[in-house]
Amino acid sequence: MLRSPKGARALRRTGAALIALFVICAAFGEARAAEEDAAAVQRGASVFAAAGCAECHTAKGGKPLAGGRALKTPFGTFYSPNITPDPATGIGKWSEVDLKRALREGIGPDGTHFFPVFPYPSFTFMTDADIHDLYAYLKSVPPVAEANRRHEIRFPFRLRILMLGWNRLFLKRGPFQPAATRSPAWNRGAYLVKALAHCGECHTPRKMFGQLDLDHALSGTSEGPEGGTVPNITPDKATGIGTWSEKDIAYLLENGQKPDGDDVQGGMRAVVDSSTSKMTPEDRAAIATYLKSLAPIQHQIGKPKAKE
């Protein structure tokens with residue numbers, strides 16, 4: 001069927017308009033995607049700080065996140081890995097699914113079982129949204145070509161096959177489930193303490209095989225990181241923080257100062273500097289709300305005892 005010149009011109013104009021509209025929509029979609037990616041990276045930076053990743057994955061005097069920090073434990077010395085996006089020595093080839101499996105199950109992309117010195121028993125409770133944002137942030141940091149250092153662990157604990165049994169016995173997989181009867185602030189505090197900030201990994205005693213003694217959670221231990229003593233942060237008035245107000249707790253998390261004017265040192269100083277001081281005031285207040293709600297546990301070094 002023949003078209004008139006006028007009809008052909010109208011058809012060409014319509015086609016050109018459709019192509020222009022398609023180009024505009026594609027450009028808008030790309031801009032929107034870039035904006036969403038940038039927002040994910042920004043949120044991921046907050047997740048990264050709350051999780052304290054920089055402190056463990058940066059050796060003293062080393063390049064940021066290139067690993068190599070020595071972590072001394074009763075089982076031997078572990079060296080943190082490179083988590084920059086270098087494809088050969090870091091996590092540059094990891095997908096978001098790989099990162100989620102590492103955090104939730106303690107298993108690497110090649111099926112390697114991680115040791116729980118990497119606190120995946122806490123990170124397993126991270127939300128999908130936080131894992132997504134953390135992945136976006138980690139992909140944005142500069143890659144560093146730095147080979148990982150081999151762990152120095154006593155036999156038989158260096159056998160990764162043992163982690164199959166350890167996970168079956170002691171790993172409770174997430175994600176975190178909010179308590180319907182609790183306030184949003186309480187649930188946020190519980191999530192930060194139990195999952196993202198993984199406070200229990202240092203402040204909770206451990207049993208024979210390195211699993212957390214959850215019956216005495218957050219009651220302190222004499223076998224903290226690198227052999228240090230870690231205090232009781234349950235609200236026991238005699239041995240914990242029972243005399244502290246929620247504002248006292250939030251202030252320490254922001255500035256590292258205790259109610260008596262003393263300041264924190266060692267590992268907790270590093271936590272404040274690299275993690276809790278970078279949280280929002282609302283998140284620090286939520287942690288305080290959660291900690292003050294716990295049952296007090298009277299701490300005796302090496303023998304925590306529930307208060308009657």
Unique match (being outside any loop (DSSP other than H, G, I, E, B) and surrounded by fewer than 19 Cβ atoms within 10 Å (Cβ to Cβ)) among Asp98, Asp110
Asp98
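Okay, residues lined up against (1) closer than 26 Å to Tyr79 by Cα; (2) touching an Asp or Glu at 6+ places or on another chain (Cβ under 7 Å); (3) free of Cβ contacts under 8 Å to residues at least 40 places away in the same chain; (4) crowded, with 21+ Cβ neighbours inside 10 Å:
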position: Gly224; (1), (2), (3), (4): yes, no, no, no
position: Gly242; (1), (2), (3), (4): no, yes, no, no
position: Gly267; (1), (2), (3), (4): yes, no, no, no
position: Met279; (1), (2), (3), (4): no, no, no, yes
position: Tyr290; (1), (2), (3), (4): no, no, no, yes
position: Ser293; (1), (2), (3), (4): no, no, no, no
position: Gln298; (1), (2), (3), (4): no, yes, no, no
Considering only residues that are assigned to a helix (DSSP H, G or I) and surrounded by fewer than 14 Cβ atoms within 10 Å (Cβ to Cβ), which ones fall in the range 158-184?
Leu164, Gly165, Arg168, Leu169, Pro184
Residues to consider are Leu164, Leu171, Leu196; find the one that is touching a helix residue (DSSP H, G or I) at 6+ places or on another chain (Cβ under 7 Å) and more than 19 Å from Ile83 (Cα to Cα).
Leu171
With respect to the numbered conditions (1) out of contact with any Leu (no Cβ under 7 Å at 6 or more places or on another chain); (2) surrounded by 18 or more Cβ atoms within 10 Å (Cβ to Cβ); (3) not in a helix (DSSP H, G or I), which one is the sole condition not fulfilled by Thr234?
(1)
Could you check the range 191-226 and list, in sequence order, the residues that are among the hydrophobic types (A, V, I, L, M, F, W, C), more than 19 Å from Cys53 (Cα to Cα) and part of a helix (DSSP H, G or I)?
Leu214
In the range 55-66, residue surrounded by the fewest Cβ atoms within 10 Å (Cβ to Cβ) [restricted to those that are over 17 Å from Cys199 (Cβ atoms) and of a type outside the set (Lys, Arg)]
Gly61
Residues satisfying the stated conditions in the range 279-295, i.e. assigned to a helix (DSSP H, G or I) and either at pLDDT below 95 or not charged (D, E, K, R) (or both)
Pro281, Ala285, Ala286, Ile287, Ala288, Thr289, Tyr290, Leu291, Ser293
Look at the range 82-95 and say how many of its residues are crowded, with 23+ Cβ neighbours inside 10 Å and either of a type outside the set (S, T, N, Q) or not assigned by TED's automatic domain parsing to the domain that holds Tyr135 (or both).
3
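The values are calculated or read from the model by the stated rules, or taken from the named source; none is laboratory data. Keep in mind the model is a prediction, meaning the values are calculated, not measured. Ideal geometry is used to build each Cβ from the backbone, glycine not excepted, and the neighbour counts take in all protein chains shown.
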